[in-house]
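K.L.:
Pasting in a structure now, in C-alpha cells, and then I'll have a few things to ask.
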Amino acid sequence: MTKKSSEAIFSSEAGRGSPRREAIFLKAARCERTPRTPVWLMRQAGRSMPSYRKLREKVPFLELCKQPDKAARVAVQAASELEVDAAILFSDLLLPLEPMGFSLHYERTHGPMVADERGLRRDPACIPEIDPERDLAYVGEAVRATRAMLPAGIPLIGFAGGPFTMAVYMLEADGPPDLARVRSMMGQGTSAWEDLLTKITRTLVRFLRMQIEAGADAVQIFDTWAGSVEPGDYRTRILPYVRALVRDLHAEVPVIYFGLGLSEVLADIAATGVQGIGVDSQIALKKAWQRVGPKTAVQGNLDPAVLVGPLPELRRQVRDILDQAAGRPGHIFNLGHGVLPQTPFENVRALVNYVRELSAQEQRA
Ligand code: CP3
C-alpha cells in the first residue's frame, strides 16, 4: 500500500470511530434527534469576516485556495469565530475548470470570470477529462490540513458544484444567469449534452471521493443554477446526473444537495438518495419538508437579506423557521443562499446565538 492510500484510509476511518460521529450536525444529517438544532452558514468564511478581509488585502483569492495551510486557517477561523456546528472547506466551486483548460479571474466588482482562451466552448467534446488526485491535489491537501487544524468534535464539509452548474460556468461566457448556450445544447436532443454531463459527473465523483478520503465528514453539492430551467427539463436533463453522482459516490458520509429555485422538484431530489437537501428562501420550510418526506434531512432556509437587517426581525425569523421545523429530527439551520458580503459580522454571530438559544428551548418544550 502506498503512503498516500494508507493515510487516506486512516483519516476516513478515524472519523467513523471517533466522537465526531456524534456531532450534532452529522446526527441531524442522519435524521437523528439532537438536543438543539445544528447551524452552519453557506459562505460563512468570507467577506463578512473582518479577519478574512484583512488577509485578502495581502493574498489573492486563488492563492488562498491553493495554499492548504492558509485555506485551512480561514476555514477553521470562520468556524471558531462564529461558533457554528460545522466547518466548510475554504475553496471554490470553479477550481476544477482550470485543469480542464479554462482560466479563472476573480474580480471584486464583476465576480468570477471564466475565460476560454482555447475555444473549448465551441467544441465541448475537446474539454479534457481530468484526474482530481493529480490536477487538484491541493484541494485534497487543504482538506487534510483543515481536518488536522479543526477541533476533533467539529465536522468538516467538503464540496463541489453540481453537474449542471459546472456546465453553466464552462459554457456561458459571462456566467449566469443568461444560460443561452446551455439551454440550446440541452434542447438540441443530441448526445453532446449527455457526453458533457457524463464527463463532468465522472470528474465530480472522483473529486468528491478524494475529499472524503482526505477526511471530509460530509459533502455538499452546490447546484446553484439547476433551478433556472423548467421542472420537466430539470427531471430529464439534470436529475439523471445528480442521481448518478450520488450513486457512484458510494459515500459513507452524508451528501447534501443544494440549489436555488428547486421547490417543484424537492421530492425528486430526495429520491436520488441524498441524505440532506438545502432549500432556498422561496419556499416555507414546512412546505419544503412535506415535499422532501421523512427520510431526508432539510437544511435552511433563512433569507440572507434578513441577516443584513435589524436584529429583532432576525430573531423573529429564526424563531419562525424553528417553529416550522417543530423539533422534528433532521433540521440543519442555514441560510437559503450564501452570506451576503455586506452582512455585519455581529449579525452572523447573533444569528448563531439565536439558533442555539431558541432551538434548545424548542426541544425542551
Ligand atoms: O465559506 C464558504 O462557504 C466556503 C467557501 C466557498 C467559496 N465559494 C469561497 C469564495 C464555497 C462553498 C463557494 C461555492 C461557490 N463558488 C458557489 C456555490 C454557492 C453559491 O453561492 O451559489 C459558486 C456559484 C461559486 C463561484 C463564485 N466564487 C462566485 C459566484 C464568487 C463571487 C461572488 C462572491 O460571493 O464573492 C466567488 C468568489 C468567492 N468564493 C469568494 C469566496 C470567499 C470571494 C472571493 C474574495 O475574497 O474576493
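K.L.:
Only one residue in GLY330, GLY336 is open to solvent by less than 40 Å² (accessible area, probe 1.4 Å) and touching a Cys at 6+ places or on another chain (Cβ under 9 Å). Which one?
P.N.:
Of the residues listed, the single one that is open to solvent by less than 40 Å² (accessible area, probe 1.4 Å) and touching a Cys at 6+ places or on another chain (Cβ under 9 Å) is GLY330.
K.L.:
Among the residues of segment 33-83, which ones are open to solvent by less than 70 Å² (accessible area, probe 1.4 Å), in contact with a Lys or Arg (Cβ under 9 Å, 6 or more places away or on another chain) and part of a helix (DSSP H, G or I)?
P.N.:
Those that are open to solvent by less than 70 Å² (accessible area, probe 1.4 Å), in contact with a Lys or Arg (Cβ under 9 Å, 6 or more places away or on another chain) and part of a helix (DSSP H, G or I): LEU55, ARG56, LEU64, PRO68, ALA72, GLU81, LEU82.
K.L.:
Another question, if that's okay. Could you pull out the residue among ALA180, ALA244 that is surrounded by fewer than 21 Cβ atoms within 10 Å (Cβ to Cβ) and modelled with pLDDT of 95 or more?
P.N.:
Answer to the check: ALA244.
K.L.:
Quick check on my filter: what residues within segment 12-32 are at pLDDT below 95 and either surrounded by fewer than 13 Cβ atoms within 10 Å (Cβ to Cβ) or within 16 Å of the ligand (Cβ to nearest atom) (or both)?
P.N.:
First, the residues of segment 12-32 that are at pLDDT below 95: 12-21.
Passing the criteria: GLU13, ARG16, GLY17, PRO19.
K.L.:
Among residues belonging to segment 272-285 that are over 27 Å from GLN211 (Cβ atoms) and touching a residue at least 40 places away in the same chain (Cβ under 8 Å), point out the one that is most open to solvent (accessible area, probe 1.4 Å).
P.N.:
GLN282
K.L.:
I've got another one for you. Just to be sure I understand, how many residues within segment 310-320 are under 23 Å from GLY261 (Cα atoms) and open to solvent by 10 Å² or more (accessible area, probe 1.4 Å)?
P.N.:
2
K.L.:
Can you tell me which residue within segment 295-309, out of those that are hydrophobic (A, V, I, L, M, F, W, C) and within 11 Å of HIS337 (Cβ to Cβ), is most open to solvent (accessible area, probe 1.4 Å)?
P.N.:
ALA305
K.L.:
Can you list residue pairs whose Cβ atoms sit under 7 Å apart, with the first residue in segment 260-271 being among the β-branched types (Val, Ile, Thr) and the second being in a helix (DSSP H, G or I) and open to solvent by 20 Å² or more (accessible area, probe 1.4 Å)? Count only pairs 6 or more apart in sequence or on different chains.
P.N.:
VAL265/PRO231; VAL265/ARG235
K.L.:
From the list ALA78, ALA86, exactly one residue is within 10 Å of the ligand (Cβ to nearest atom), within 29 Å of VAL306 (Cβ to Cβ) and not polar (S, T, N, Q). Which is it?
P.N.:
On the way: ALA86 fails: within 10 Å of the ligand (Cβ to nearest atom).
Residue meeting the stated conditions: ALA78.
K.L.:
Which one of ALA267, ALA173, ALA226 is surrounded by fewer than 18 Cβ atoms within 10 Å (Cβ to Cβ), in contact with a Gly (Cβ under 8 Å, 6 or more places away or on another chain) and not charged (D, E, K, R)?
P.N.:
ALA267
K.L.:
Wholly within segment 133-201, which helices (runs of 4 or more DSSP H) include no fewer than the required count, namely at least 2 residues that are within 22 Å of the chain's Cα centre (by Cα) and among the hydroxyl-bearing types (Ser, Thr, Tyr)? Working first, answer last.
P.N.:
Details: elements: 137-149, 163-171, 180-187.
Filter on segment 133-201 gives 137-149, 163-171.
K.L.:
Does PRO99 satisfy the condition of being touching an Asp or Glu at 6+ places or on another chain (Cβ under 6 Å) and modelled with pLDDT of 95 or more? Don't jump to the end; show me each part of the working.
P.N.:
Details: touching an Asp or Glu at 6+ places or on another chain (Cβ under 6 Å): yes; modelled with pLDDT of 95 or more: yes.
Taking the combined requirement at face value, the residue satisfies it.
K.L.:
Go through (1) surrounded by fewer than 18 Cβ atoms within 10 Å (Cβ to Cβ); (2) out of contact with any Phe, Trp or Tyr (no Cβ under 9 Å at 6 or more places or on another chain); (3) touching a residue at least 40 places away in the same chain (Cβ under 8 Å) one by one and return the number of the condition GLN324 breaks.
P.N.:
So the condition that GLN324 fails would be (2).
K.L.:
Just one of GLY189, GLY175 is touching a strand residue (DSSP E or B) at 6+ places or on another chain (Cβ under 9 Å), at pLDDT below 95 and more than 30 Å from ILE24 (Cβ to Cβ); which is it?
P.N.:
GLY175
K.L.:
Now for a separate question. Go through segment 84-115 and give me each residue that's surrounded by fewer than 16 Cβ atoms within 10 Å (Cβ to Cβ), touching a residue at least 24 places away in the same chain (Cβ under 8 Å) and in contact with a Gly (Cβ under 9 Å, 6 or more places away or on another chain).
P.N.:
Of everything in segment 84-115, those that are surrounded by fewer than 16 Cβ atoms within 10 Å (Cβ to Cβ), touching a residue at least 24 places away in the same chain (Cβ under 8 Å) and in contact with a Gly (Cβ under 9 Å, 6 or more places away or on another chain) turn out to be GLY111, MET113.
The values are calculated or read from the model by the stated rules, or taken from the named source; none is laboratory data. Please read these numbers as outputs of a predicted model, since none were measured by experiment. When we count neighbours, we look across all protein chains shown, and the Cβ atoms used for this are built from the backbone with ideal geometry, even at glycine. Please note that ligands, DNA and RNA were not included when accessible areas were found on the heavy atoms of the full protein model with its side chains. Shrake-Rupley method; radii C 1.70, N 1.55, O 1.52, S 1.80 Å.
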